[in-house]
Every structure is written in structure tokens, then in C-alpha cells.
1. Aspartates and glutamates within cross-link reach of B:Lys22: Cα-Cα under 20 Å, excluding same-chain residues under 8 positions apart?
2. For chain B, compute Rg over Rh where Rg is the Cα radius of gyration and Rh is the Kirkwood radius from the inverse mean 1/r over Cα pairs.
3. Quick one: compute the contact order of chain B, relative version, from alpha carbon pairs under 8 angstrom and 6+ residues apart, as a percent.
4. Roughly how compact is chain A, stated as its Cα Rg over 2.2 N^0.38 Å to two decimals?
5. Work out how far the C-alpha atoms of the range B:103-222 reach from end to end along every principal axis, then list the three figures in whole Å, largest first.
6. For the range B:431-504, which semi-axes, largest first and in whole Å, follow from the square roots of 5 times the eigenvalues of its Cα gyration tensor?
7. Using only the Cα atoms, what convex hull volume per residue in Å³ does the range B:475-584 have?
8. Taking R0 as 22 Å, what FRET efficiency do you get between A:Val84 and A:Glu39 from their Cβ-Cβ distance, rounded to the nearest 0.05?
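Readers should treat all values here as calculations from the given coordinates under stated rules, not as data from a laboratory. All values reported here derive from a predicted model rather than from experimental measurement. Note: ideal-geometry Cβ built from the backbone for every residue, glycine included; neighbour counts use all protein chains shown.
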Amino acid sequence: MNTEYTLSILTENNVGLLQNIVTEFTKRKINIDSFTGSETENKDIYRITILVNASEQLIKKIANSIEQIIDVFRVVVYKDDELVYQELALYKVPTKSLLDSNSVENIVRENNARILYVGKEITVIEKTGHKEQTQELFEKLKPYNILGFSRSGRIALSNKNMKSVNKFLTKQLKNDSATYEPVK
Amino acid sequence: MTVKKNPKKGKLDQVLKSPKLKMKNISGAEAVVLSLIAEDIKCLFGYPGGAIMPVYDELYRYQEHINHILVRHEQGATHAAQGHARITNKASVCLATSGPGATNLITGIADAQIDSTPMVCITGQVPSTLLGTDAFQETDVIGVTMPVTKWNYQITKASEVPEIIAKAFYIANSGRPGPVVIDITKDAQLGMLDFEYKKCVAVRTYEPVPKINKDAVAKAVELINKAKKPFMLVGHGVLISKAQKELLKFLELTGIPCGMTLQGLSALPTSHPLNTGMLGMHGNYGPNIKTNECDVLIAIGMRFDDRVTGDVTRYAKQAQVIHIEIDPAEINKNVFAHVPLIGDAKAALKALMPKLKKKKYIKWLKEFDACKKEEYKKVVKEDIYPKSDGLTMGEVVRMVSEKTEGRAIIVTDVGQHQMVAARYYDYEQTDSWISSGGLGTMGFCLPAAFGAKMAAPKREVVAIIGDGGFQMTLQELGTIWQSELSVKIIILNNNFLGMVRQWQQLFFDKRYSFVELKNPDFVAITKGFGIEAAKVDERKNLSNGLDIMFEHDGPYLLEVVCEKERNVFPMIPSGAAVNEIRLD
């Protein structure tokens, strides 16, 4: 049975790592639904957030494999109810649609979206929320001619204070990324 | 072209004697060679080319301190390094140039990855200013080798050389060993640095040897002590961990019978009464049948590969599984572990010993004996004492075993002969089996054999190869000749790609699709490479032929013509459960 899982992968700040991590999914023929990366509250630690639809068993195996990659500190697997998560969506509509009636303006108000940019020809609307909400807005705006649409990946933070993970990371950061000793 | 004759020799001796190993203003290439020397590398296997020439120039200068073996194809370098590393249990080194040189290494690297062999591959790369321009002999080596290495890195500045090489050796050697690729751009080789070598002892995100969990140990001990029909699966991890003594103590205390995986062969002498034989697709009858009858299954240093488990949904479902394994990613990957014991094999065995009870399982062992007798009657007898006219691979291996008293290092290629060599050689000494298991790379044997001989010059190294596999890397005969390595090579020639032919016979109605080989005169080719060779095609000449080979001072090849169509049994067909193993 497949469920939506979010993997929070904490790594050293190394670019080549992305390929390594993605390979763990592609080699098992698993589609990545969303993929974002950024620094964390700690500049030495980078977080890659991956959204994936798979069975619990398979996710555990993938998480274990990813954790063994050099430069990965830890992998935490979350279900939706263990997270606070958000996505961003941008919708491009003709400015004419906004001027013809106040329907689009009402939609923006009612859906807690905002108008990000107004140009002569096009207007861009922005909405943050969960996928269902940004999708709902998409459906509502469709009749008014959506010229462009882009959705960001999911970013997420645990809804608990991850004490043991933080403790582990603090301990790790006390060391250099690699430790060397003189030859004896 | 002027040739320098060790102008810095005096300085090097001074440096190598100095505890700090420092040198000012040297090139990145020199730093590479000095780093290898600092890591105690006595020999490396490689093939030069444009992008790695600066390093080769330094190797020339330091040739009294480090030996380079010129292979004939970069794939040969990787397999030689594997053969070498399987004996020394430490990372061996291959060296190649950019582009095709590097891509020729990939098969060997993938092989080392899946068989957990420590290896450091150093490849030359185009100058960093040309990266991404499709320059001459440029390939994205880092991108291409990422899925098959434990770690890889591209050095673009000379100053990175000592640290990265140190890190490479640390990662390759520690925990579950594996291959590491270091790609060095030409300008990094030519750039200058102040050299100081320090060994890498830790990498922040990496815990190679997890600490053994005391609760897991207690649970395992409880299960083992209560077991009525325990069975132990011994894998490669025991050899990597050098836990042979601990294993012996464990078995003799607990009286538990064990079976070896292909890569676990020689962890315990074949003749030991508790060694019930080999597991897996072409393993012995008893170990496979009894896996699905035991109540406690103790797996140590093995990963439940599909060749061992057969249909994993019907594998040991009745047993409580204890999985002793150093790589956390292997736990619950294929088979559910009721008691995962994550850690080094040697340390785990030591932790288990104190509370284990001394036991004997007389009735249980008799069941294995019964299986052994049946297998002997139906399969073994005809293999090793055949009534047929043609020679069987089994009888050749048996005779080699007797003549070497079970003390040679057996290196094999891939196919029927590989399974036969695994089954019929009596491994009395440990670290005596070198074969491509996980990847099953044909062409592995010949270079791996001379790699092993370099690591163990005093031991007899016997390469047992099929006629197909031999032709994949036969150019390495040149390496053997040039380096004067005394490897004994036996081609078991059945003029077929035997294993594939067997499957076509059993599962494809004998449609022998492109498996029949029109073979050359192996003896003439070998002699052309300056190596003595002979051919045996009758039983009455076999013993004498082998004697001549073993007594010859230097490398020798013996071609033994075997029966064209003979099948390797027992066999667990694809998709069958381990207890559905066929004896015919």
C-alpha cells in the first residue's frame, strides 16, 4: 500500500550529492514527486526534502541506503501528520481577466492568495498552501485563462522538537568534516 | 627525451624516515605518488595515457619505492587490484588515464562495489579549464562512476591531493569496504603544493563500524541457547573481518552446523565436521534443504543475495533470523531480521560467546549427513569419478585439490567451472577463494590471479578459467609474462558458454542460441605470450599434465578438454524456493 512520505535528508553542503541521492530512487524505479534543497538553521548542514509515494517497507530500505552515502548525516522519514509543510504556486493570467470583472479579484481574496505582479499584458498570482489548496485555486482560475503555472517543491519541518536528531548533529559538527592524524 | 635518474632519492629517503612526511614545493603528481607510498602501497596496476602522464613521470622517479604493473587493458588493472585486495584485505590501487581509460575501469569498479572489495582507482582528467567542453578523452568520470563507487571525488587543485587520497583510503578500507574513484585534472597534477601527509581517521557523516547493541546480543544469545535446529550462514564478512578464529570457537562451543555463501568459502575448512557445504543456487543439497527446516537462522557477514535465497517469499519463513551485519542498509533489505545485530563480525562473535551454552546437535547433524549421502550418490560421484569417456570439470578440480592439499589460492572466472571449483575443491587454508560473485564478471580470473600472486608470492595460485571467460581478458597473459608472475592457469575447455547452454537445455528446449564457441589454439596463443603451455584431452594424461604444470618454474597454462555438455547440479531454478533444489 502506497503512502506519501517526506524524506528529510541532512547532509554536508556538497553539490555532487544530489545525483547520488536521486539514484537511490531511480534505480528502484520510484518517481520523486518533489525535491528541494536548502541550508538549515546551521550553515554547515544542508537539507534535501524529497516527497515520494511508496510503501512503508520500501521507504525504510531507501532511507537506510541513503543514510549510508558518505556526506549524508541522517535521514528522517515523515508522514504528512508529523510535519508542517508548504508549497508555493504561481499562476499567470491575462491582466484583461482582472479588468473584465471582479471575479478573479474575488477568487484571490477568498482563497488567501495574493497578486504578485501586474503588467500590461499579464498578471501573476501567488498562493502558498498544501497541494490540494493550490490545485483548488488552479481549478477556480482555469475559466479565466491560465497562461502559465508553476508549483514549487515541498518544504517541511517536523512538528516536534527533534531533540535526538539535533543532539546528534551538534555532536557531529564538533568534528571537522574529515579528521586527519600524522603518520606514525 | 632526457630521463631523470632519481635526483631526489636522497631527499626521499630523508622524508620517508621523517615522522612528519613533509616536503616543500612539489607537484600534485609527486604528491600522489608520495601519498600512495605513505599509505604503504607497494604496488599498483595501471595503464598510462595523456591525462595521467605527470603521475607516470613521478612513478618512474620513485620506482624503487613503489612497483607499477603495466596491464594490457584497464579492466585488467581493476581485476588485478581486486585479486590483490582480496588477499591483503586492504585497498589496492589502479591507475588509468582519462576518457576511455577511465571508462574501461567501470566493470571492475562495479564488481568491487558489489563484492565489497576495497580499491582506490586514480584516473587522469583533462585540465580543469577544459572540463565540460568535450575535450579530447574527456568523460564525466565522477558522474558515470557515482552509482558504482562508495565515494568519488574530482581533484582540481594540487593542494587537495594529500587530504583527498588519505580520505579515499580511509573510506575504501573501513566498515564495509568498497571502491573509491579519485579523478585528478591534469593541471592539479602539474600544480605545486607544500606536501604534508596525514592519514584520515574519521569522516564526519560516516560511521563505518556501528557499536554493538547489548540488547541485540542478549536477544540473540537467548534464541541460540533455546534453539533445537539452529543453522548458521557464513558469508564474506567473516573473512573481511578476519574473524575465522572467533567463528571456529563459536561453532565448536555451540555445535551449530553452518553453510558458506560463495564468497564465504574458506572461512572455515571444507573438511570441518560442522561445515555442511555451500549455500545457494549451485550449492550443496543439505544446506539449502535445511535452511527451510531450521528454527533459528544465524546469518553472519552475508547479505541474503538472491542466488542464496531463491524465492525470497519462501525463504526460511519458519525460522527466527539473527542477522549479524556491519552495513545497516542490508538489514531487512531482503530478509526480515528478528534480531538485527549491527556491527563487525569479529566483535559480534566475541560479544556473543560469554553467555552461550555448550551444546551438540547429534540428530540434527545426522539429517545433514543424510542429504550429503544422497547428493553424493546422485551428483557428486559421477562428477568426480566419472564413468564417461570425456573429462569432467569436477574430476579436474578434485585432482587439483589433492595435488595442492587444499592449500592453494583458487581464482576462478564465471560460469559452470566456477561452481564446480567452489564445490569440489577442499579449502583447508583460509583466504583461498577469489571469484566474481555479485557481478559475475567474465574475464575476472586471469588478471585477478596475478593480482593475488603479487600479494601472496609464496602461495600457489591456481586460476581455473572457462574457454569463454579466458578470451575476454586473455591479453593479460602479456602482463603475466612481463612481470614473471608464477600463476598456474587451467582452462576447462568445453567449447561452450557452459552455464548459458545449461539454462538453454533446461529451460529453453535445448535451443542453443549462440553459445557454441569456435576456440583458437590456446596453447599456441599462450606460447606466443612467452608462457609455457600444454593440452590434455584424455583422462590418462591428466595427472601427469597437472604435475608438469605445478613443477614448472614460472607461469604455466594447461588446457583441459572437457565433456561438451554436462550440467552443474544441484540447482535451484530461478523462482524456486531453496528446498526445491534439484539434484537432476
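1. A:Glu181, B:Asp13, B:Glu30, B:Glu39, B:Asp40, B:Glu58, B:Glu64, B:Glu160, B:Glu163, B:Asp194, B:Glu196
2. Ratio of gyration radius to Kirkwood radius for chain B: 0.99.
3. Values: 1301 pairs, mean separation 79.8, N = 584.
This gives 14 percent for chain B.
4. Working: Rg = 20.8 Å, N = 184, 2.2 N^0.38 = 16.0 Å.
Computed over Cα atoms of chain A, the ratio equals 1.30.
5. Projected onto its principal axes, the Cα set of the range B:103-222 covers 63, 34, 18 Å.
6. On the way: eigenvalues 107, 37, 21 Å².
They are 23, 14, 10 Å, listed largest first.
7. Details: hull volume 16.3 nm³, N = 110.
Residue-normalised Cα hull volume stands at 149 Å³.
8. Details: r = 18 Å, r/R0 = 0.84.
Calculated transfer efficiency: 0.75.
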